[in-house]
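What follows is one structure encoded as structure tokens, with my remarks underneath.
Each reported figure results from applying straightforward, stated rules to the coordinates on display, with no laboratory input. Note that the structure is predicted; figures quoted are calculated from it, not measured. Neighbour counts are summed over all protein chains in view; Cβ atoms, including those assigned to glycine, are modelled from backbone coordinates with ideal geometry.
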Amino acid sequence: MINLKTRSAAVKDSRGYRAFTALNLILLVLLCVIMLYPFITVLAQSFSSAGAIKAGQVSFWPVGFNVDTYVAVMSNGTFWRNYANTVIYTVVGTAIAMTLTTTYAYVLSKQHLRGRGVLIGIAVFTMFFNGGLVPNYVLISALGMKNTMWAIVLPGAISVFNLLVMKAFFESLPKDLEEAAQIDGLGWFGIFVRIVLPLSKAVIATMVLFYSVAYWNDWFAAFLYLDKSELFPVTLFLRNLIAGASTTASEGAAAAGTTTAMVSSNIQAVTMILTVIPILCIYPFVQRYFVSGVMLGSIKG
């Protein structure tokens, strides 16, 4: 019988394997550079002078280093109010989404449930068809959710993709655990809370990441349903800034003691960096659950 370890070592020592590994490494490095280049450029622009940005002199390194625009943006009360709104929308929306998604997915994972096929069909149907922009706007307005937080957090409370991934994960759990818990006197809710959820940390962490990033980056729902600037999330603040529909440039100019033209050229970069910092800080702690959570949830279809 051929020794598998010897065979594996021989394959790794072969010229073709080394060439394949080198090619993969080169492609991955190029991919990382392509993905990081825009972020690094924006980061460099945030610390550069407006004149250098307009002249196209900024690429990977700041030119004419300054932090005046950071001071101007961070002294803007509207920015921090919108920032706090984003945190609230993300936390509340993710909590609601996770509650609805986990409970719905657990119910759908039960083969003996009557009407299970209908419930799955309803969920899948919404992946391909929706009422459209105008009917959704009319519905949100009719329900009295316009200019409230609920117009942001409720319409996207259940992602069908996340629902199906969690359903598949729950179906992959050993049935003996639930049967043993039932023998010990636990009901379905007790089994779900005390047995299923503790075993689902990987997929739950992955779904929390998906939902939180979606809520944090969402600006279109606020653009449609919110008319009061004090309710805007920071992403809509940034969108208005980029679109030229905000007075932040003039406010920042007054705070920094420079001209509006000079500040407006790099204030967008500063706002972008401040907006993505929380996600960049949280992601490394959740990323280790990401691959395992998705893979575990895709064992069964």
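Fewest first, what order do Thr21, Thr275, Thr206 take by the number of other Cβ atoms within 10 Å?
On the way: Thr21 11, Thr275 20, Thr206 26.
Ranked by crowding around the Cβ, least crowded first: Thr21, Thr275, Thr206.
Once fully extended, how much extra length lies between Ala180 and Ile282, figured as 0.36 nm per residue of separation less the alpha-carbon to alpha-carbon distance?
Details: separation 102, 0.36 × 102 = 36.72 nm, distance 3.69 nm.
Net length gain for the segment: 33.0 nm.
What ranking of Leu274, Leu197, Leu238, Leu133 emerges when the number of other C-beta atoms within 10 Å of each C-beta is taken as an exposure proxy, fewest first?
Values: Leu274 18, Leu197 13, Leu238 22, Leu133 10.
Ascending number of Cβ neighbours within 10 Å: Leu133, Leu197, Leu274, Leu238.
So between Lys146 and Ile40, what do we pick up on full extension, going 0.36 nm a residue minus the alpha carbon distance? Present the calculation step by step, with values, prior to reporting the outcome.
Working: separation 106, 0.36 × 106 = 38.16 nm, distance 3.76 nm.
Taking 0.36 nm per residue and subtracting the Cα distance, the gain is 34.4 nm.
Taking a spot 7 Å from the Cα of Leu173 along the direction of its beta carbon, which residues of segment 202-245 have an amide N less than 13 Å from it?
202-204
Fewest to most neighbouring Cβ within 10 Å: what's the order for Tyr283, Tyr83, Tyr215? Numbers along the way, then the final one.
Numbers: Tyr283 14, Tyr83 20, Tyr215 25.
In increasing order of surrounding Cβ atoms, one gets Tyr283, Tyr83, Tyr215.
Once the piece of chain linking Arg116 and Ala55 is laid out straight, how much longer is it, given 0.36 nm per residue of separation minus the C-alpha distance between them?
Details: separation 61, 0.36 × 61 = 21.96 nm, distance 6.14 nm.
Extra length from Arg116 to Ala55 when fully extended: 15.8 nm.
Give a quick list of trypsin sites (Lys or Arg not before Pro) in segment 114-193 that DSSP marks as loop, anything other than H, G, I, E or B, with at most 10 other Cβ atoms within 10 Å.
On the way: sites: Arg114, Arg116, Lys146, Lys167, Lys175; in loops: Arg114, Lys146.
Hits after loop and neighbour filter: Arg114.
Enter the Cα centre distance for the pair segment 172-204 and segment 91-166, rounded to the nearest angstrom.
Centre-to-centre (Cα) distance: 24 Å.
Could you tally up the Lys pairs in segment 117-250 with alpha carbons closer than 30 Å? Skip any pair fewer than 8 positions apart unless they're on separate chains. Could you put the intermediate results ahead of the total?
On the way: Lys146/Lys228; Lys167/Lys175; Lys167/Lys201; Lys175/Lys201.
Counting lysine pairs in segment 117-250 gives 4.
For the pair Ile88 and Glu230, how long in nm is the line joining their label points, each one 7 Å along Cα→Cβ?
Result: 1.0 nm between the two label points.
Mind listing the phi-derived Karplus ³J(HN,Hα) values for segment 183-193, rounded to whole Hz, using 6.51, -1.76 and 1.60 with θ = phi - 60°, and x for any glycine or proline?
Working through the residues one at a time gives 4, 6, x, 7, x, 5, 5, x, 5, 5, 6 Hz.
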